1. Among the residues of the range 8-25 satisfying the criterion of being closer than 11 Å to Ile49 by Cβ, charged (D, E, K, R) and open to solvent by 60 Å² or more (accessible area, probe 1.4 Å), which is modelled with the highest pLDDT?
2. Out of Leu46, Leu31, report the one residue that is in a helix (DSSP H, G or I), open to solvent by less than 70 Å² (accessible area, probe 1.4 Å) and under 13 Å from Gly62 (Cβ atoms).
3. Given (1) open to solvent by less than 40 Å² (accessible area, probe 1.4 Å); (2) more than 12 Å from Ile60 (Cβ to Cβ); (3) in a loop (DSSP other than H, G, I, E, B), where does Pro41 come up short, assuming only one miss?
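The values are calculated or read from the model by the stated rules, or taken from the named source; none is laboratory data. What you see is a predicted model, and the numbers here were worked out from it, not measured in a lab. Cβ placement follows ideal geometry from the backbone for every residue including glycine, while neighbour counts extend to all protein chains displayed. For the accessible areas, the whole protein counts, side chains as well, though only heavy atoms, and no ligand, DNA or RNA atoms are used. Shrake-Rupley method; radii C 1.70, N 1.55, O 1.52, S 1.80 Å.
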Amino acid sequence: MAFPLLRKRRLELGLTLEALAEDTGVSVSQLSRFESGKREPRFAELARIADRLGVAVADITGGDHRTVRVVGLVG
């Protein structure tokens, strides 16, 4: 899954991949892979990127929500 909204927002803010990488601790090559859809980010990476871009994680993912089944006691 590509994250075109990530690229769009990054460019709206005038950020290069290098600047975003420095601000988030995610490498330039990883950010490029996220934007092109060659790799999906872990949630922690996505959260740092969204925070730096000033958007919610759902804004970057296009509202892609996944259901996770929980088994056992939750408390």
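1. My answer is Asp23.
2. None of the other options fit; the residue is Leu46.
3. (2)
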